[in-house]
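Structure first, then comments.
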Amino acid sequence: MKKIIVFLLLTVFASSLYAQNNNCRQNISSQKFNQLYLQLKSKQEDKSRLQLARQISGSYCFSSTQVKEIALLFDNDNIRLKFAKTAYRNTTDKQNFYDVYDAFIYYSAVFRLHDYINNKNEQTNYNDGTVMESETPRFPDYNYPSYKQYRGTRKCTSPISDNSFNYIVDQLYQVDNDRNKYVNAISLIRNNCLPTASLMKIASLFSTEEYKLKFALEAVNSVYDIDHYIEMKQIFNTPSGRSKFMESFGNQGSTTTDICKVNSTEYKNIITTLKNEKFNTNKVSSAKQMIQTKKCFTAQQIKGIVELFSYENSRLEIARFGYDYTINQSIYCSTVSQALDFENSKKNLLNYINTKTR
């Protein structure tokens, strides 16, 4: 998938490439590169490795392949991005620089690098060889919930302005590692009111699932539209990350559970309403609407809803649909599959959960 995106990016990338000045004609020899590579590899921390890598890339000319090999030494995409931007200036074969894109873990970093190259005329070069940029982060293409017409429960009075949000993002975007970024992020949003969409964008600046989860669970104290907060699950790149968020989000106590989790009275009303539906098609539509509206069910509650249907295909349809709205996803398959009669249906549900991405 990354190669397809890179291919599309190249249509713009190639058109402006040769117009850019390139003083490097010949990259360093393999022997010299290996010496520098081992020197960089000996550094224990990304911060010190980045500092040396920037110095080296300002003094020597590298091929795109060599830049990629150095970029792979870093543990963090944000650090890789900083190095790649500096190294680009002295790359001998800029037309092949898209090879460096494969060194990144997340597409967001690839897009940022691509945007940087296409907007290089906005850079300012400093005497020490460091390239400082004025850049705006490109946020992932999530399904961001709108708070403009929000009529649900509010946890604070009114969201911060766009300028205040941009200030927070600018401050965080310059921080190298997730730990420091997390500390700064919590400090910046504390005592502020932000919509879920803004918190999702801030969370996307973290490189690791661990700190995305820590931020998501702490940021709930600053969210404006709490009923939308379940959409924060989109920031996670793995089923495991989403599952941990859903379970932790549902178990935080009165802060979120009373608002999000379906209590026994609500659940009984849902069951009664569905039992009164005479036609299967209407029952399926009603079940989906209720699940999507309330959002936070337990796996056991979804199992009870699935059992209301007489047809296996409808049971499977609701079983698959309910996964996204369950707070204990780690036991979802083992619990809900008990409501399915056929082995093929159980396998279908398992495959759906294993391959589901968003």
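Worth pointing out:
- Residue in the range 105-112 that is touching a residue at least 60 places away in the same chain (Cβ under 8 Å) and under 20 Å from Gly58 (Cα atoms) present: no
- Subset tally (residues that are in contact (Cβ under 8 Å) with a residue 24 or more places away in the chain, outside any loop (DSSP other than H, G, I, E, B) and more than 26 Å from Phe249 (Cβ to Cβ)) for the range 300-315: 3
- Some residue of the range 95-102 being farther than 28 Å from Asp178 by Cβ and touching a Cys at 6+ places or on another chain (Cβ under 8 Å): no
- Residue within the range 284-299 that is assigned to a helix (DSSP H, G or I) and touching a residue at least 60 places away in the same chain (Cβ under 8 Å) present: no
- Qualifying residue in the range 246-262 (condition: without any contact (Cβ under 8 Å) to a residue 60 or more places away in the chain, in a helix (DSSP H, G or I), more than 20 Å from Tyr144 (Cβ to Cβ) and of a type in the set (Val, Ile, Thr)): yes
- Residue in the range 316-328 that is surrounded by the fewest Cβ atoms within 10 Å (Cβ to Cβ), counting only those that are in contact (Cβ under 8 Å) with a residue 60 or more places away in the chain and out of contact with any Gly (no Cβ under 9 Å at 6 or more places or on another chain): Asp324
- Residues that are among the charged types (D, E, K, R) and surrounded by 20 or more Cβ atoms within 10 Å (Cβ to Cβ), drawn from the range 47-76: Arg49, Lys68
- Inside the range 35-46, residues that are surrounded by 13 or more Cβ atoms within 10 Å (Cβ to Cβ) and outside any loop (DSSP other than H, G, I, E, B) make up a count of 5.
- Hits in the range 47-86 (condition: out of contact with any Phe, Trp or Tyr (no Cβ under 9 Å at 6 or more places or on another chain), over 18 Å from Thr208 (Cβ atoms) and either assigned by TED's automatic domain parsing to the domain that holds Asp176 or not in a helix (DSSP H, G or I) (or both)): Cys61
- Of the helices (runs of 4 or more DSSP H) contained entirely in the range 154-245, those carrying at least 2 residues that are more than 20 Å from Asn143 (Cα to Cα) and touching a residue at least 24 places away in the same chain (Cβ under 8 Å) fall at 162-173, 178-189, 209-219.
For (1) closer than 24 Å to Phe104 by Cα; (2) in the same structural domain as Gln329 (by TED's automatic domain parsing); (3) surrounded by fewer than 21 Cβ atoms within 10 Å (Cβ to Cβ), each residue gets a yes or a no:
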| position | (1), (2), (3) |
| --- | --- |
| Ser198 | no, no, no |
| Ala203 | yes, no, no |
| Ala216 | yes, no, no |
| Val223 | no, no, no |
| Ile226 | no, no, yes |
| Ile230 | no, no, no |
| Arg242 | yes, no, no |
| Met246 | no, no, no |
| Phe249 | no, no, no |
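- All of (1) under 24 Å from the mean Cα position of the chain (by Cα); (2) free of Cβ contacts under 8 Å to residues at least 60 places away in the same chain; (3) within 25 Å of Thr265 (Cα to Cα) hold for Thr355 with one exception: (3).
The values are calculated or read from the model by the stated rules, or taken from the named source; none is laboratory data. Fair warning: this is a prediction, and the values are worked out from it, not measured in the lab. Please note: Cβ atoms are built from the backbone with ideal geometry, for glycine as well, and neighbour counts cover all protein chains shown.
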